[in-house]
1. Pairs under 9 Å by beta carbon, first residue in contact (Cβ under 8 Å) with a residue 24 or more places away in the chain and outside any strand (DSSP E or B) in region 122-144, partner surrounded by 18 or more Cβ atoms within 10 Å (Cβ to Cβ) and among the basic types (K, R), six or more apart or different chains?
2. Please identify the pairs in which a residue from region 16-29 that is within 18 Å of Q137 (Cα to Cα) has its Cβ atom under 7 Å from the Cβ atom of a residue that is of a type in the set (S, T, N, Q), counting only partners at least 6 apart or on another chain.
3. Does any residue of region 36-45 turn out to be under 20 Å from T146 (Cα atoms), at pLDDT 95 or above and either out of contact with any strand residue (DSSP E or B) (no Cβ under 6 Å at 6 or more places or on another chain) or in a strand (DSSP E or B) (or both)?
4. For region 172-198, which positions are out of contact with any strand residue (DSSP E or B) (no Cβ under 8 Å at 6 or more places or on another chain) and in contact (Cβ under 8 Å) with a residue 40 or more places away in the chain?
5. Being touching a Gly at 6+ places or on another chain (Cβ under 7 Å) and either without any contact (Cβ under 8 Å) to a residue 24 or more places away in the chain or not basic (K, R) (or both) is the filter here; which residues of region 229-249 pass it?
6. Which of the helices (runs of 4 or more DSSP H) contained wholly in region 166-285 include at least 1 residues that are of a type in the set (S, T, Y)?
7. I'd like to verify a number: residues in region 93-109 that are in a strand (DSSP E or B) and surrounded by 16 or more Cβ atoms within 10 Å (Cβ to Cβ), how many?
8. Considering only residues of region 46-59 that are of a type outside the set (S, T, Y) and in a loop (DSSP other than H, G, I, E, B), which is nearest to H215 (Cα to Cα)?
Amino acid sequence: MTVRETGAPAPEEAVGRRMETADVLGPAPARRLAATFDRDPDALADGARLPHGWHWLYFLDAPRGAAVGADGRTVSNGFLPETGLPRRMWAGGSFRFDRDLVLGRAARAEVAISDVARKEGRSGKLAFVTTEHRLEQDGAMALVETRDLVFREAPRPGETARRADPPAAPAWRRTVEPDPVLLFRFSALTFNAHRIHYDIDYCRDVEGYPGLVVHGPMLALLLLDLAERELGARTFRRFRYRAVAPLFAPDRFHVCGAPEGAGRALFWIESADGALAMSAELDLA
């Protein structure tokens, strides 16, 4: 993998910062995620279509150990700006699918910081960082993605997430029982060393979580995985998702979906007690 990076140092000045990354979409990472999601790994060989969203297995940031922060993730003077806020969460994002990515071929990603915004919320100071990712393969645009990250203050005593209800009754539903093994495998596949996913003492004592945090990107990929299982060969055009509340291992959760007209479907994650954890919309051709 090769990387070329340019950028500005100050947080607000980081808007416009760009990075180019090249990678080969080898089948091995995709086969391992297929096994993790109980899909057939043998279907993913050179020349096969990469499932929607699985480009997250490639173009990975790999800072040297000396550059990794105390939380296992934050990198001082890295590509993302320093916000001064200790908690980092994946808030949501979107995909525009222009064409399939193909395993076994080289691809190129251009990443840009498109927005940095500071706000005051119910839980205190917040900083939102939005990045845009444009992926090309064989000289043609394959996918345009946005990612929304939110940085927050340290937790306040008794702080809880607001409860929201699911958008519909599910037509499709799959139950997942997250455990430390599932979280470890996904962290390893995405080279994510954030301690909230594997260090229970850090979760409780430092970030104030009751258990290991289920990855936001894994929830989004599970929604896309359900869409592929239920909709088969339908052409995906746009996928928008938003994290609503965190989920914690080992509490089971439900991956749900329902059609909404001829060209659209709703998808969401429900906690064990029926609360909404992530919502999504999928536009079809």
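1. S123/R152
2. A22/T2
3. Among the residues of region 36-45, not one is under 20 Å from T146 (Cα atoms), at pLDDT 95 or above and either out of contact with any strand residue (DSSP E or B) (no Cβ under 6 Å at 6 or more places or on another chain) or in a strand (DSSP E or B) (or both), which makes the answer no.
4. E177, R185, F186, L189, T190, F191, N192, R195
5. E230, Y241, A243, F248, A249
6. Because the criterion is at least 1 residues that are of a type in the set (S, T, Y), the helices (runs of 4 or more DSSP H) in region 166-285 that meet it are 180-189, 200-205.
7. Going through region 93-109 one residue at a time, the tally reaches 9.
8. Among those residues, the one meeting the criterion is G53.
The values are calculated or read from the model by the stated rules, or taken from the named source; none is laboratory data. Computed from a prediction, not measured in an experiment: that's the story for all the values here. Note that each Cβ is placed from the backbone with ideal geometry, even for glycine, and that neighbours are counted across all protein chains shown.
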